[in-house]
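Chemist: Quick one: this structure, given as structure tokens, is what I'll be asking you about.
The values are calculated or read from the model by the stated rules, or taken from the named source; none is laboratory data. Since the model is a prediction, treat every value here as computed from it, not as a measurement. As a convention, Cβ positions derive from the backbone with ideal geometry for all residues, glycine included, and neighbour counts pool all protein chains shown. Note: accessible area is taken over every heavy atom of the protein model, side chains too, but ligands, DNA and RNA are not part of it. Shrake-Rupley method; radii C 1.70, N 1.55, O 1.52, S 1.80 Å.
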Amino acid sequence: MKKGVFIKNHNARWLGLCAGKFFPYMLGTALPHAPNMQIITTINEMQALAISMRTQGKLLGLVPTMGALHEGHLTLIDVAKQKADVVIVSIFVNPTQFGPNEDFSKYPRTFETDCAACEKRGADIVFAPKKDDIYPAGYSTYVNEERVSKGLCGISRPGHFRGVCTVVNLLFNIVRPDLAVLGQKDAQQAAVIKKMVADLWLPVEIIVAPTVREEDGLAMSSRNRYLTDDQRQEAAKIYRALREGKRLIDEGIRSPDRVLAEITHVLAQSRRIRLIYVTLVDRESFLPAREVVPGKGLIAVAVWLNDVRLIDNIEV
């Protein structure tokens, strides 16, 4: 892998304003495709390169991540490669989406391993900005979606989606993607970002890829690294409980209370699992469903497994 190099030339023509500064590029001349994946760490370089590639007619795909990549993230790269000419993976542990007592300081940071995995999977660029560049001294502008983000994690993690919307909006402004690929495991987050994109008329197509699971059904997550072997076995019960709820619906049960009671019962059989929420919502609005409408609902669950917070969901 090599550090991304932004082409500068004394005969270059000037292109527009980016973040208040001009950036040169060779007008009408394609940037040479790097034989290896590029790693870009500055906003100016990423933004200028993105504008140049778009000028050449390239379709840009973004996979936004916080690093600690697993097969679920890498599958998002696969999806992006099918849709875009250039795939950019952002790696940024975003402090504004963590609460004061959450795991920001101990969140796994495995940058070198992540970059190697991205390159092996065929990503073209890793964009890894610094915290002080994304949020410089005096930063005071935030984006807050106020409907889809209201329940579920919006209650149990106040301020979380404000941080998510803010950083994703910043990434969209820097990377200028035509499309972004998100994971279904974070279903509410994906729905919140979709709503933000629609409300703010952002020219980005949001693609949501299916959840990737371990052999026992546990949804892949960077936080699974926190689990001991014993906790790991208990964590598999989360998806088992969701499947029990879906089974009831498939058998004709239409009462959300009945379905959620069964899921709660299954989870309660584990002494280590403490339920944060389990609810059946509309897939788009994330408002609680009064009755089960097959094909339109989603059961979402969040739990504490000892001191590890895990989420999952299943469409019904």
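Chemist: Given only helices, namely DSSP H runs of n ≥ 4 each adding -39500 (n - 2.57), what is the per-residue ellipticity at 222 nm of the chain, to the nearest 500 deg cm²/dmol? Intermediate results must be reported in sequence, preceding the final value.
Modeler: Details: 9 runs with 109 residues, N = 316.
Per the formula, -10500 deg cm²/dmol.
Chemist: Then there is this: Go through Lys58/Lys195; Lys58/Lys81; Lys83/Lys195; Lys150/Lys237; Lys83/Lys120; Lys83/Lys194 and tell me which ones have a Cα-Cα distance over 24 Å in this structure.
Modeler: On the way: Lys58/Lys195 26 Å; Lys58/Lys81 12 Å; Lys83/Lys195 21 Å; Lys150/Lys237 27 Å; Lys83/Lys120 18 Å; Lys83/Lys194 18 Å.
The answer is Lys58/Lys195; Lys150/Lys237.
Chemist: Let me ask something else about it. Obtain the nm distance between the two label points defined at Ala261 and Ile155 by a simple spin-label model: each point lies 7 Å from its Cα along the Cα-to-C-beta direction.
Modeler: 1.9 nm
Chemist: Rounded, prolate or oblate: which one fits region 88-243, using the alpha carbon gyration tensor with axes a ≥ b ≥ c (rounded when a/c is under 1.5, else prolate when a/b beats b/c, else oblate)?
Modeler: Details: a/c = 1.45, a/b = 1.28, b/c = 1.13.
Cα axes put region 88-243 in the rounded bin.
Chemist: Further, regarding this structure: Of Arg162, Arg157, Arg290, Arg121, which has the most accessible area and how do the rest follow, probe 1.4 Å?
Modeler: Numbers: Arg162 105, Arg157 25, Arg290 230, Arg121 60 Å².
The ordering from most to least exposed comes out as Arg290, Arg162, Arg121, Arg157.
Chemist: If the cut-off is a Cα-Cα distance under 14 Å, which aspartates and glutamates reach Lys296, setting aside same-chain residues fewer than 8 apart in sequence?
Modeler: Lys296 reaches Asp250, Asp282, Glu284, Glu315.
Chemist: Which ³J(HN,Hα) values, rounded to whole Hz and listed in residue order, are derived for region 218-233 from phi using the Karplus coefficients 6.51, -1.76 and 1.60 in 6.51 cos²θ - 1.76 cosθ + 1.60 with θ = phi - 60°, glycine and proline given as x?
Modeler: My calculation for region 218-233 gives 4, 5, 5, 8, 4, 6, 4, 5, 6, 6, 6, 4, 5, 5, 4, 5 Hz in order.
Chemist: If I model a spin label at Glu315 and Arg213 as a point 7 Å from the Cα along the Cα→Cβ vector, what separation in nanometres do I get?
Modeler: 1.4 nm
Chemist: Something else: Accessible area of the chain with a 1.4 Å probe: how many percent of it is carbon plus sulfur? Display every interim value, and only then the final one.
Modeler: On the way: 7960 of 15860 Å².
C and S atoms contribute 50 percent here.
Chemist: More than 33 Å apart: what percent of Cα pairs in the chain qualify?
Modeler: Numbers: 14406 of 49770 pairs.
Everything past 33 Å amounts to 29 percent.
Chemist: Also: Counting only heavy atoms of the protein chains, get the accessible area per residue of the chain (1.4 Å probe) and round it to a whole Å² value.
Modeler: 50 Å²
Chemist: Could I ask something else about it? I'd like the antiparallel share, as a percent to the nearest 5, of DSSP beta bridges with both residues in the chain. Display every interim value, and only then the final one.
Modeler: Numbers: 24 of 45 bridges.
Within the chain, antiparallel bridges account for around 55 percent of the total.
Chemist: How much net charge surrounds Arg240 when only the other residues with a Cβ under 15 Å from the Cβ of Arg240 are counted, with Lys and Arg +1 and Asp and Glu -1? It would help to have the intermediate numbers written out before the result.
Modeler: Numbers: positive: Arg213, Arg232, Lys237, Arg243, Lys246, Arg247, Arg272; negative: Glu214, Glu215, Asp216, Glu234, Glu244, Glu262, Asp312.
That works out to 0.
Chemist: Net charge near Met53: determine it from the other residues with C-beta under 14 Å of the C-beta of Met53, scoring Lys and Arg +1 and Asp and Glu -1. Kindly include the intermediate steps, with their values, before the conclusion.
Modeler: On the way: positive: Arg54, Lys58, Arg176; negative: Glu45, Asp85, Asp124, Asp178.
Neighbour charge sum, excluding Met53 itself: -1.
Chemist: Ok, one more. Under 12 Å from a point 7 Å along the Cα-to-Cβ line of Trp201: which residues of region 154-190 have their amide N that close?
Modeler: No residue passes the distance filter.
Chemist: Further question on the same structure: Give me the percent relative contact order of the chain, please, defined on Cα pairs under 8 angstrom at least 6 residues apart.
Modeler: On the way: 554 pairs, mean separation 46.5, N = 316.
The normalised contact order for the chain reaches 15 percent.
Chemist: If R0 is 35 Å, what FRET efficiency do you get for Ser285 and Arg247 from their C-beta distance, rounded to 0.05?
Modeler: On the way: r = 25 Å, r/R0 = 0.72.
FRET efficiency, Ser285 to Arg247: 0.90.
Chemist: Just for region 145-297, what percent of DSSP beta bridges are antiparallel, to the closest 5?
Modeler: Details: 3 of 8 bridges.
Looking only at bridges with both residues in region 145-297, the antiparallel portion is about 40 percent.
Chemist: While we're looking at this one, here's another question. Modelling each spin label as a point 7 Å along the Cα-to-Cβ direction, I'd like the Ile51/Tyr139 distance in nm, to one decimal.
Modeler: 2.1 nm
Chemist: Please name which of Thr211, Val164, Val143 has its Cα lying farthest along the dipole of the chain towards the positive end, using unit charges on Cβ (Lys, Arg +1; Asp, Glu -1) and the Cα centre as origin.
Modeler: Of the listed residues, the answer is Val143.
Chemist: In a shell of Cβ-Cβ distance under 13 Å around Val175, excluding Val175 itself, what net charge do Lys and Arg (+1) and Asp and Glu (-1) give?
Modeler: On the way: positive: Arg54, Lys58, Arg176; negative: Glu45, Asp124, Asp178.
The answer is 0.
Chemist: With +1 on each Lys and Arg Cβ and -1 on each Asp and Glu Cβ, how big is the dipole of the chain about its Cα centre, in debye rounded to the nearest 20? If you can, show how the numbers build up before the last one.
Modeler: Values: 41 positive and 35 negative charges, 97 e Å.
Magnitude of the dipole: close to 460 debye.
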